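Everything on this sheet refers to the single structure shown next.
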Amino acid sequence: MKAAAPRRPRQVPRHLGRANPWRPARTLMARRKKEAAHENHERWLVSYADFITLLFAFFVVMFASSQTDKSRAKQISEAVEKALADGKTLGVTPAVARILGGTVDDKGQGNAQMKGPGGEQKGAKEVPPESLIELTPSMKKLTSELESEIKAGKVEVNLEPRGLVVSLKQTAFFPSGTDSIDPSTYSILEKVAAVLNAVSNPLRIEGHTDSVPIHTARFRSNWELSAARSISMMEVMAARFNVDRQRVAIVGFADTAPQTSNDTEEGRARNRRVDIVIQNNYMAAPIALKTARAASAPGNQVVK
């Protein structure tokens, strides 16, 4: 009996990926399809949470700031109330209230609201109420004794943060374009001098003009005219009414510090004036210190 020939391996077609046709066939595994990644529909929560956190932090800061402002405002309010209460015994509460102001809408002279955020005047130096109280008796006396002159528009008396200001109108005290004081006004100046001599505060005499230029044989400009009127006023106060010259500072402003607009004749007439300022000690102290330092500087020493 003839022996059977050895069995040859079954061939696998080339398209099934075998490189060697005589290699034994292997079971081909079907590749699994990758499952599609699951889409996260809640990623917006991360951005939303960050936004809410920032918003919360913002309102915490705003709340903390408002609480600080309220605390400070309460301290200021208590200080002012104490000052007003102390002044009642002197009868000066209306005067102090006039300087400090009282309401948000009040835009009166010296109103404290004008110095706050959004106020009309910013950066003004704060003045303690007691420094204003010291000049209140002088203001009351002048207002009483010069009542008729104030009504006639010859004199104005105002208590300002820098001190007590007595404005002498040019139309009543000086002929136009001159620095000679009308002798008929000496009776008014005598009343003012009596108040000046009753206090020891430093004095400033400030000359003011309107914006109309002047050029005469005596005065080349409004600067010279305003300074000359201040000097004339000091000479009368010192020579006739014994006001100490050492207390007086002379200032000429020309038309640089008007009370009102120079566009009308009425406004120009109001701006032509000489202001006598009784400075309060609180505002005058820094000026006196600077003057003393300047006088003691090596370059300003007098060699005998």
Notebook entry, point to check: Can you give the alpha-carbon Rg of segment 169-215 over 2.2 N^0.38 Å, where N counts its residues?
Noted result: 1.40
Check: What accessible area, in Å² to the nearest ten, does a 1.4 Å probe give for PHE173?
Finding: 0
Margin query: Keeping all protein chains in the complex and leaving out DNA, RNA and ligands, what accessible area do you get for LEU54 with a 1.4 Å probe, in Å² to the nearest 10?
Written below: 130
Next item on the list: With a probe of 1.4 Å, find how much accessible area segment 193-272 has per residue, and write the answer as a whole number in Å².
Entry: 52
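Is the C-alpha gyration tensor of segment 130-206 telling us rounded, prolate or oblate? Criteria: a/c under 1.5 is rounded; beyond that, a/b larger than b/c is prolate, otherwise oblate. Walk me through the numbers on the way to the answer.
Details: a/c = 1.93, a/b = 1.70, b/c = 1.14.
In terms of gyration-tensor shape, prolate.
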Check: Can you pull out the trypsin sites (Lys or Arg not before Pro) in segment 188-252 that DSSP calls coil and that have at most 13 other Cβ atoms within 10 Å?
Finding: ARG218, ARG220
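The values are calculated or read from the model by the stated rules, or taken from the named source; none is laboratory data. Treat the numbers as computed from the prediction; the structure is a model and nothing was measured. With ideal geometry, Cβ positions are generated from the backbone for all residues, glycine too; neighbour counts draw on all protein chains shown. Keep in mind that these areas ignore ligands, DNA and RNA; they rest on the heavy atoms of the full protein, side chains included. Shrake-Rupley method; radii C 1.70, N 1.55, O 1.52, S 1.80 Å.
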